[in-house]
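Worksheet: one structure, shown below.
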Amino acid sequence: MTDLGAIDYVWLGVQAVFLGPEAFVLFGIPVSITLLMVAFGLVLGIVVGATPGLGGVIAMAISLPILISVFGFNSDALLPVMGFLIGVMKGSTVGGAVPAILFNTPGTPDAFMTTLDGYPMARSGKARKALKIAHFSSVSGDTFSDIVLIVCAPFLAIMVEAYLDLPEKTALLILSLSFIAAVVGGSAAKGLLSCGLGLLAVYIGSGEDFYPRLSLGTDALSDGIPVTAAVIGILVLGAIFTELEDLWHQARESGRIEVARDEGDQRLHWADIRRILPFVGRSAFIGTAIGALPGIGSTLAATIGYATGKRFYARRKAPDAPEFGEGAPEGIAATEAANSSVSGANLIPVLSLGIPGNTAAVFLILAAESIGGFNPGPSVFKFSTDLNPELVIAFGLFTTMILANLLNWTVGGVFMRSLGVLVRIPKQYLLPVVLLLTLASLYVEETSMSAIWFAFGFGVLGYFMRRFEISPLPFVIAFVLGGRLEDTARQAFSATGGDPFFLLKSPVAAAFVLGAVAIVFLSLRKPKAAQS
Amino acid sequence: MRKLSATVALGLGCIAFGLLIALIWVPFDTDTGLVERSRGRYIVGDSLAPTLAAVFILLSGLMLLVERRDGDARPSRNNLIFIGVMIACGVLSILVMRYSGPLVALLSGADEYRLLRDTAPWKYIGFVLGGVTMICGMIAFVEGRFSLRAFWIALAAVAGIILLYDVPFDDVLLPPNGDV
């Protein structure tokens, strides 16, 4: 094939999704495995999002080794596996609203603000309507965010490739890590500590010399720490320990769950949509802008979206309408649109720069690294006239995102509204089972008991980090990026003839480095509310 | 005397840890320095990146001492009791998972476990005993009592995981059978 243009790549990406290996034939029409996996991922995501104590991250951690066992290590596996993860990511955001509205229990941390108006609506007999508003707002925000991603990521990647050389790329990685350290969580110092620990962990047992550095002469450390063990330990096991402890403190007995019966009109009318649209639009814009910056979570987007919506609402609300926090549908819309619009935009840094902006992106990178044949980053978006398979995969991923949104618009809402029963599963039984399942999944992928020990150890570290209010996200992103940071720096140092000031020679690189230092020190001046 | 705040203690700990890494661990446990000369050219040595990580940790410690803060988060005594029990339960379960299969094989006079590790029922002994210990132990501690319900849930969960991983995939081994 010769002379491929941008439209050809888009079309090839769409074809890779719809005309890839087929799962089955329905009424004479072949249904591709990727399509099926996106649907499965979305369903699983909604289920785990609707189950308090679980979430998209746990589902991705457990699913990844199973998916790799099923699909193997070849390029045909990329779209089904990554499509599944994207489905989980989108589904869990929507699902988190279910227990928040029905039982005042946010299924995911970013659904907390949804409880403020969702639960009062449910108590006043408007549960189904509240769920419909949450679904409409969430999927609208997500769709807007995906459109921004699809439009922006290729351009950003092309600019990065055109203007940034090795020293600038090294400086950009340093800037990203500093930014993540400074903005995630409530303290820049703690963010930097989390980042430093992640870098230290990834450099153990690696390096270019014959002797594996920092291995203390032990076999266990000389092969390095498996990335999945570190990521799963810190993110999943640490969270499970923290949740279990909360249950231990509560002594579990929170009484019987009371559910109000639905009363009155539960349909979502055009008039309702017109009322909430300004709030959805504002929050989608806020969430997308926040999501495009690496490391800033959807919780902050939800908080800012809610606060902005509240100010706007105060100016125009009818005298008899409920206030924000007392069952205003606009409050649900403002929150759900904001937290859902983060997810698509969060993939802008990972696809255009290769820098993961959130935990879902970390798992997409893990999947790409495990399977091979796709390295998220600026080099993907090379519109060469000869076939660039990575670019086809990138457009295939965009197609899976659109597909997931379409499924979410059509069947997601109905499915979501049927899941209220999941909140009744006792978490004290669920969490230890999930812990064992996570360790078994890790073993299946790594086939090494040391990976289980590492994950358990990192789980304990993740628990202590949470108790010291240190966000684990900078640790994970530093762990994932640490190797690339060192490789790029090595190459840049050699390419500049061993110049020790290679990071300050070009104006762009110098600006990035100064920006990194400035971000950390400026963030010292004013503590922020916890965001992660 | 004023009581040391948890944040200040954490900061001092980070400074000490950062110095330990930069001045002792990295120099004594890495073969190449920060920058090396190889074939007439200067290249980055293996020590540079971990030293940078140590600088991050050191810097975070200094920042913790001067940063304005809202609260003073620290693990309480109850936190330490909880995580202590979780660690004990986890370590015991993983040890049971790792060694119970080989031990049963040894005591029953069967073949060496390595030869049996992909054969039922041997391949399930460690995972079932270790898994049930882990789930039951954690549920019992959180609930403050041992219940038969917890045991059945643990058994059902372990059976479910076996059905998920072991039954459909010939090339997948449950812990600890892949590396005994």
What is the distance in Å between the Cα centres of segment A:76-96 and segment A:311-336?
32
How far apart, in nm, are the 7 Å Cα→Cβ label points at A:PHE521 and A:ASP223?
4.5
Under the Karplus relation 6.51 cos²θ - 1.76 cosθ + 1.60, θ = phi - 60°, what is the ordered set of whole-Hz ³J(HN,Hα) values for segment A:374-390, x standing for Gly and Pro?
8, 10, x, x, x, 5, 4, 8, 9, 7, 7, 5, 7, 4, 9, x, 5
With θ set to phi - 60° and the Karplus curve 6.51 cos²θ - 1.76 cosθ + 1.60, what are the ³J(HN,Hα) couplings of segment A:159-170 in order, to the nearest whole Hz, using x for Gly and Pro?
5, 4, 5, 6, 10, 10, 9, 4, x, 5, 5, 4
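Just want to confirm a number: the relative contact order over segment B:77-166, from Cα pairs under 8 angstrom separated by 6+ residues, in percent.
The value is 27 percent.
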Hey, which aspartates and glutamates would be in cross-link range of A:LYS317, C-alpha to C-alpha under 19 Å, not counting anything within fewer than 8 residues on its own chain?
A:ASP117, A:ASP272, A:GLU326, A:GLU330
What is the calculated FRET efficiency for A:ARG311 to A:ALA510, with r their C-beta to C-beta distance and R₀ = 45 Å, to the nearest 0.05?
0.70
Between A:CYS152 and A:PHE383, what length comes free when the chain is fully extended (0.36 nm per residue of separation minus the Cα-Cα distance, one decimal in nm)?
81.6 nm
In whole Hz, with x marking every Gly and Pro, tabulate ³J(HN,Hα) for segment A:204-213 from phi via Karplus 6.51 cos²θ - 1.76 cosθ + 1.60, θ = phi - 60°.
5, x, 10, x, 9, 6, 4, 7, x, 5
CD proxy at 222 nm, helix term only [per DSSP H run n ≥ 4: -39500 (n - 2.57); per residue of chain A; nearest 500]:
-22500 deg cm²/dmol
For A:ALA23, list long-range residues whose amide hydrogen, built 1.01 Å from N in the peptide plane, is under 5 Å from its own amide hydrogen.
A:VAL31, A:SER32, A:ILE33
For chain A, take the longest principal axis of its alpha carbons; what is the angle in degrees between that and the long axis of helix A:473-495, to the nearest 10 within 0 to 90?
30
A correct fewest-to-most ranking of B:VAL132, A:VAL508 by other Cβ atoms within 10 Å would be A:VAL508, B:VAL132
Report the calculated FRET efficiency for B:LEU19 and A:ARG123 (r = Cβ-Cβ distance, R0 = 45 Å), to the nearest 0.05.
0.20
If I take every Cα pair under 8 Å that is 6 or more residues apart in chain A, average their sequence separation and divide by the length, what percent do I get for the relative contact order?
30
Please list, ordered by chain and number, the residues whose modelled amide H lies under 5 Å from the amide H of B:VAL35; skip anything fewer than 5 residues away on the same chain.
B:GLY45
How tilted is helix A:298-316 with respect to the longest principal axis of chain A? Cα atoms for both, answer in degrees (0 to 90, nearest 10).
40
Residues with beta-carbon under 11 Å from that of B:GLY126, excluding B:GLY126: net charge, scoring Lys, Arg +1 and Asp, Glu -1?
+3
For a footprinting-style exposure proxy, rank A:ILE425, A:ILE240, A:ILE66, A:ILE174 by other Cβ within 10 Å, fewest first.
A:ILE425, A:ILE66, A:ILE174, A:ILE240
All other residues with a Cβ under 14 Å from the Cβ of A:LEU200 taken together, and with Lys, Arg as +1 and Asp, Glu as -1, what is their net charge?
-2
Relative contact order (percent, whole number), segment A:1-70, Cα cutoff 8 Å, 6+ residue spacing:
16
Between A:HIS249 and B:ARG149, what's the calculated FRET efficiency when r is the beta-carbon distance and R0 is 22 Å? Round to 0.05.
0.55
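Every read-out reported here was derived from the displayed coordinates using simple, explicitly stated rules and does not represent laboratory data. These numbers come from a predicted model, not from an experiment. FYI the Cβ positions are ideal-geometry reconstructions off the backbone, even for glycines, and counts take in every protein chain you see.
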